[in-house]
Amino acid sequence: MNLKEMKTETKLLLLSLISGIFAALLTYLFINEKEKFIMQKIEPVKVIVAAKYIPAWSEITEEMIDFANMPKKWVTEAHLKEPKKVLKKVAIGPFIKGEPILINKITERSSELNTAIPLGLRAVSIGVDDVTGVSYMIRPGDFVDLILTYEDVHEKKLCTATILQVVKVIAVGNNFKMSGKESIYSTVTFAVNPEEAEIITFARQKGKISLALRPIGDRTIEKIKQVSFNDILNQIKKTEKGEEERLIIQKREEF
């Protein structure tokens with residue numbers, strides 16, 4: 001190989017090397033610009049979120065809120081960043097833990113009962129005492145069954161019947177905030193449809209209404225038989241007969 005050919009090969013090698021460096025530089029600049037663009041898009045912004053589950057119609061307190069970072073491009077005007085805009089407001093709907101608290105899902109009207117009534121329903125109250133009101137342990141947000149005890153004027157007997165099931169409590173006494181507590185109260189208020197409101201109003205005049213508190217999450221509608229005083233007497237007789245049979249069997253086993 002002569003000197004001339006070596007110089008040509010060297011030039012080609014240098015040219016390839018320069019081209020490679022230039023291509024690498026362009027690639028770096030492209031990736032760098034893309035990275036800047038992406039970072040601008042995901043620039044974190046602190047917004048207020050629920051620190052735990054917040055039931056609907058609860059007054060929002062400090063222990064209920066927290067902060068979380070969200071990409072800037074996903075943050076809207078509805079997202080809240082200042083606690084003072086959230087605290088002491090009432091949640092219109094429920095919030096799960098970590099869910100952003102939006103301005104359109106809270107209200108300042110925390111002192112008015114009509115904010116706690118779902119659309120299409122009505123608020124109706126009944127009087128309660130420590131017995132009919134489950135020892136004053138019912139709270140807003142609970143679900144109950146309404147049981148009416150009345151006198152059957154046709155058959156001249158006392159009867160008890162479950163008239164409504166899975167009825168939502170929205171207030172006890174003057175308290176309709178789920179975060180609040182009231183130890184003793186004389187009324188319980190429900191959110192019901194117009195037809196159920198008529199049933200409760202009529203039942204109040206017909207006899208005595210007692211409440212049966214449901215477990216959390218129980219929304220089952222049961223088929224329940226109406227009970228009369230005769231049914232209670234029959235049950236007592238069955239119990240007495242069962243006790244007699246148990247004593248007879250116990251005596252036999254002793255011999």
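The values are calculated or read from the model by the stated rules, or taken from the named source; none is laboratory data. Predicted, not measured: the structure shown is a model, and the values here were computed from it. Glycine gets a Cβ as well: all are built from the backbone with ideal geometry, and neighbour counts include every protein chain shown.
List of remarks:
- Verdict on Ala203 being farther than 19 Å from Gln226 by Cα and over 21 Å from the mean Cα position of the chain (by Cα): no
- Segment 153-167 - residue that is modelled with pLDDT of 80 or more and either of a type in the set (Ser, Thr, Tyr) or out of contact with any strand residue (DSSP E or B) (no Cβ under 6 Å at 6 or more places or on another chain) (or both) and, of those, nearest to Trp57 (Cα to Cα): Thr162
- All of (1) touching a residue at least 40 places away in the same chain (Cβ under 8 Å); (2) under 26 Å from Ile48 (Cβ atoms) hold for Asp142 with one exception: (2).
- Test: residue in segment 81-102 that is in a loop (DSSP other than H, G, I, E, B), out of contact with any Phe, Trp or Tyr (no Cβ under 8 Å at 6 or more places or on another chain), in the same structural domain as Lys225 (by TED's automatic domain parsing) and surrounded by 12 or more Cβ atoms within 10 Å (Cβ to Cβ): no
- Options Ile184, Ile170, Ile216, Ile209; residue that is at pLDDT 95 or above and not acidic (Asp, Glu): Ile209
- Within segment 124-173, being among the small types (Gly, Ala, Ser), under 17 Å from Ser186 (Cα atoms) and surrounded by 16 or more Cβ atoms within 10 Å (Cβ to Cβ) holds for Ser125, Gly133, Ala171, Gly173.
- For Gly120, the test of being assigned by TED's automatic domain parsing to the domain that holds Thr187, outside any helix (DSSP H, G or I) and modelled with pLDDT under 90 is passed.
Matching residues to (1) under 23 Å from Ile65 (Cα atoms); (2) in contact with a His (Cβ under 9 Å, 6 or more places away or on another chain); (3) of a type in the set (Val, Ile, Thr):
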position	(1), (2), (3)
Ile106	yes, no, yes
Asn114	no, no, no
Gly120	no, no, no
Val131	no, no, yes
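- Residue in segment 15-29 that is within 30 Å of Thr187 (Cα to Cα) and small (Gly, Ala, Ser) present: no
- Considering (1) touching a residue at least 60 places away in the same chain (Cβ under 8 Å); (2) more than 30 Å from Thr220 (Cβ to Cβ), the lone condition that Lys85 does not fulfil carries the number (1).
- Count of segment 107-133 residues, restricted to those that are touching a residue at least 60 places away in the same chain (Cβ under 8 Å) and more than 22 Å from the chain's Cα centre (by Cα), is 7.
- When Glu198, Glu240, Glu253 are checked against the criterion of being at pLDDT below 95, among the charged types (D, E, K, R) and surrounded by 10 or more Cβ atoms within 10 Å (Cβ to Cβ), Glu240 stands alone in meeting it.
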